[in-house]
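*Asks:* Take this structure, written in C-alpha cells, and hold onto it; I'll ask about it next.
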C-alpha cells in the first residue's frame with residue numbers, strides 16, 4: 001500500500017509538459033521556473049529533454065539555462081525541447097525566438113541570372129532553416145515582389161528558380177529572406193530586357209489601352225491606390241472624375257483625366 005501511495009503522489013506531481021520545436025541557432029535557451037505551489041516547496045520543472053534525451057542542466061532554481069551549445073549541435077539542426085512540470089505552476093521560455101530560423105544564406109557569385117525562357121535562377125549555400133526566398137525587382141521607385149519559393153534550409157548548395165516578370169529596359173533584381181531579426185537581402189543584379197517599351201492610349205470610352213500586357217497601378221493625386229492589376233487594358237468607368245497617375249511597365253507618374 002505504501003508503494004502504491006508513493007507512485008500516486010509522484011504521478012500527481014508531473015502534471016504538464018511544454019514542447020517547443022525549432023532550429024539550433026548557436027544560442028542557449030533560458031527558462032523561468034516558479035515554485036510548484038503556494039507553499040513555496042520545490043520548483044515547477046521536473047525534467048527537461050532535448051531531442052528525446054534527458055539533460056543534465058541544473059533545474060532546481062528560479063531560472064535556469066538549457067545548454068544547447070554543449071550538446072555539439074550543428075547550426076540549423078532541428079531541435080525539440082520538452083519541459084515537464086508539476087501541477088499548479090507553469091515555467092516560461094524566455095527567448096523562444098532564438099529557436100526560429102535565421103536568414104544566413106549566401107548567393108554564389110554569378111548564379112543570379114534570367115534565362116532565355118524567362119526564369120530567374122540563383123544558387124545558395126549556408127542556409128540554416130526553412131525560410132521563403134522572396135524575389136523582388138526595383139520598379140516604380142520601390143521594391144516589388146515578383147515571386148516566392150520555399151528555401152530548403154540546409155547548408156549545402158541549392159538552386160532555385162521562379163518565373164520572372166520582366167519590364168522593358170534595365171531590370172534590377174534581388175532575393176531576400178525575412179526572419180525574426182529582420183532578414184537578409186542579396187546584392188542586386190541588373191538584367192536588360194529587349195522587349196519594346198509599353199505605351200498607352202485613352203479611348204473615347206475613356207478606357208486605358210496599353211501596347212502590350214503589363215503590370216499597372218492607378219492612383220489619385222494624393223497618392224492613394226485606386227486600382228491595380230495586370231493586362232493590356234484598364235476599365236476606368238468606375239473611377240470618379242478627376243486627374244489620375246499611372247505606374248506601368250518601367251514608367252511611373254504618367255497622367256490621364258477621367259471625365
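*Asks:* Taking residue 154 as the residue in question, decide whether it is at pLDDT 95 or above and either over 30 Å from residue 253 (Cα atoms) or in a loop (DSSP other than H, G, I, E, B) (or both).
*Replies:* Working: at pLDDT 95 or above: no; either over 30 Å from residue 253 (Cα atoms) or in a loop (DSSP other than H, G, I, E, B) (or both): yes.
When the stated conditions are applied, residue 154 does not pass them.
*Asks:* Now for a different question. So is residue 96 more than 30 Å from residue 223 (Cβ to Cβ) and buried (at least 19 other Cβ atoms within 10 Å of the Cβ) or not?
*Replies:* When the stated conditions are applied, residue 96 does not pass them.
*Asks:* Taking the criterion of being in a strand (DSSP E or B), under 19 Å from residue 178 (Cβ atoms) and over 13 Å from the mean Cα position of the chain (by Cα), would at least one residue in the stretch 102-117 satisfy it? So that I can check it myself, show each step before the final result.
*Replies:* Step one: of the stretch 102-117, the residues in a strand (DSSP E or B) are 106-107, 113-114.
From the residues that got through so far, the ones that are under 19 Å from residue 178 (Cβ atoms) too are 106-107.
Narrowing further to those that are over 13 Å from the mean Cα position of the chain (by Cα): 106-107.
Among the residues of the stretch 102-117, at least one is in a strand (DSSP E or B), under 19 Å from residue 178 (Cβ atoms) and over 13 Å from the mean Cα position of the chain (by Cα), which makes the answer yes.
*Asks:* On to the next question. Regarding residue 184, is this residue within 22 Å of the chain's Cα centre (by Cα) and without any contact (Cβ under 8 Å) to a residue 12 or more places away in the chain?
*Replies:* On the way: within 22 Å of the chain's Cα centre (by Cα): yes; without any contact (Cβ under 8 Å) to a residue 12 or more places away in the chain: no.
Judged against the criteria, residue 184 is not a match.
*Asks:* Continuing with this model, one more query. Can residue 83 be described as assigned by TED's automatic domain parsing to the domain that holds residue 16, out of contact with any helix residue (DSSP H, G or I) (no Cβ under 8 Å at 6 or more places or on another chain), touching a residue at least 24 places away in the same chain (Cβ under 8 Å) and in a loop (DSSP other than H, G, I, E, B)? Step through it out loud before you land on a result.
*Replies:* Values: assigned by TED's automatic domain parsing to the domain that holds residue 16: yes; out of contact with any helix residue (DSSP H, G or I) (no Cβ under 8 Å at 6 or more places or on another chain): yes; touching a residue at least 24 places away in the same chain (Cβ under 8 Å): yes; in a loop (DSSP other than H, G, I, E, B): no.
Against the criterion (assigned by TED's automatic domain parsing to the domain that holds residue 16, out of contact with any helix residue (DSSP H, G or I) (no Cβ under 8 Å at 6 or more places or on another chain), touching a residue at least 24 places away in the same chain (Cβ under 8 Å) and in a loop (DSSP other than H, G, I, E, B)), residue 83 does not qualify.
*Asks:* Oh, and also: Please enumerate the residues belonging to the stretch 37-67 that are under 13 Å from residue 80 (Cβ atoms) and out of contact with any strand residue (DSSP E or B) (no Cβ under 8 Å at 6 or more places or on another chain).
*Replies:* 53
The values are calculated or read from the model by the stated rules, or taken from the named source; none is laboratory data. Keep in mind that this is a model prediction, so the values were computed, not measured. Ideal geometry is used to build each Cβ from the backbone, glycine not excepted, and the neighbour counts take in all protein chains shown.
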